[in-house]
Structure formats: structure tokens, C-alpha cells
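Novice: One structure coming up, written as C-alpha cells, with questions to follow.
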Amino acid sequence: MSVSKVRPEQVGRLRAWFAELSGPRRGELLATFVDEGVRHETVLLVPTSDGPLMVYVMEEEDPARSIAAFRDSAHPVDADHRAVLSAAFMGVAEYEVLLDVPAEPPADLSTGPSAEPPAARPSRPPAGGAAPGTP
């Protein structure tokens with residue numbers, strides 16, 4: 001998940017871009033999912049008194065693989081995605097994780113409760129200045 005500050009004047013372009021990805025370029029988007037190991041993406045635009053935020057959530061097999069595949073992608077839709085998001089982003093927003101519990105934890109991690117609560121932290125910046133997955 002990433003949370004980014006958005007330039008208010010770019011909100012219309014973001015809406016148009018994600019409509020394009022949901023419509024005529026959906027096939028290209030789904031092809032990038034295969035390369036990146038992405039199972040699901042959701043993008044939210046959240047209006048706030050300090051300006052809009054974009055919340056980008058991805059369900060992926062391996063975050064490092066996803067980031068590398070997006071960074072090294074030859075898909076034209078990925079280059080377009082990086083350009084649109086680069087123009088729209090003003091930086092990473094901070095957020096606090098209140099709950100992060102997978103339905104089935106990875107086999108290599110302890111399933112016991114953590115001794116420390118999640119801390120406030122900045123979101124993972126989108127790969128290459130743009131969110132992966134093309135979305």
C-alpha cells in the first residue's frame with residue numbers, strides 16, 4: 001500500500017488515466033499483472049482539507065518482484081503510468097497502520113502476536129516515482 005499527496009490540478013488527469021486503465025487499456029494492465037505477480041489492485045482518491053490523497057493498494061505475490069518488474073517493464077502502459085503519476089504526485093503522505101493481519105501468514109514468519117504495535121510510518125513510495133502494477 002502507498003499513500004501519496006496529489007497535486008489538486010492533476011486530479012482530473014488521474015481520473016481520466018484510471019478510467020483508461022479500466023476501459024480501453026485494461027488488457028495491457030492485466031498483462032503487467034502477470035509480469036509483476038499482482039493479483040488485485042485498488043486505487044482510491046481521498047479528498048482532505050490538506051489536499052487530495054491517492055491510496056494505492058496491491059495484492060501481490062512478492063513486493064520486490066513487483067517493483068523490479070514495473071521498474072524494468074517494456075510495456076508502453078507502464079511508461080505512460082509512470083509519467084501520469086510522476087506529474088500528479090507531490091510526495092508520500094504519512095499514515096499509521098492500525099491493523100495488518102494476513103488471513104494466512106507466510107510459512108517462514110511467526111504466527112504469534114507481535115510484542116510491539118505497528119508504528120506510524122510513511123507509506124512505501126511507489127516504484128520509480130509511480131505506483132507499480134500499472135495500474
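The values are calculated or read from the model by the stated rules, or taken from the named source; none is laboratory data. Given the structure is predicted, the values throughout are model-derived calculations rather than measurements. Neighbour counts are summed over all protein chains in view; Cβ atoms, including those assigned to glycine, are modelled from backbone coordinates with ideal geometry. Ligands, DNA and RNA are stripped out before the accessible areas are found, and what is left, the full protein with its side chains, is counted by its heavy atoms. Shrake-Rupley method; radii C 1.70, N 1.55, O 1.52, S 1.80 Å.
Novice: What about LEU45, is it closer than 28 Å to GLU96 by Cα and of a type in the set (A, V, I, L, M, F, W, C)?
Specialist: Details: closer than 28 Å to GLU96 by Cα: yes; of a type in the set (A, V, I, L, M, F, W, C): yes.
The answer is yes for LEU45.
Novice: Still on this structure, I have one more. It is to be established whether one or more residues within the range 5-18 are polar (S, T, N, Q), closer than 22 Å to LEU99 by Cα and surrounded by 11 or more Cβ atoms within 10 Å (Cβ to Cβ). Give the steps one after another, and end with the answer.
Specialist: Residues of the range 5-18 that are polar (S, T, N, Q), as a first pass: 10.
Then keep just the ones that are closer than 22 Å to LEU99 by Cα; that gives none.
Checked against the condition, which is being polar (S, T, N, Q), closer than 22 Å to LEU99 by Cα and surrounded by 11 or more Cβ atoms within 10 Å (Cβ to Cβ), the range 5-18 yields no hits at all.
Novice: Quick one: how many residues across the range 65-95 are closer than 21 Å to ARG26 by Cα and among the basic types (Lys, Arg)?
Specialist: Adding up the residues that qualify gives 2.
Novice: For the subset of the range 25-70 comprising residues that are under 12 Å from the mean Cα position of the chain (by Cα) and polar (S, T, N, Q), which member is most open to solvent (accessible area, probe 1.4 Å)?
Specialist: Only one residue tops the list, namely THR42.
Novice: So, one more: State all residues of the range 12-69 that are in contact with a Phe, Trp or Tyr (Cβ under 9 Å, 6 or more places away or on another chain) and among the hydroxyl-bearing types (Ser, Thr, Tyr); if no residue qualifies, say none.
Specialist: THR32, THR42
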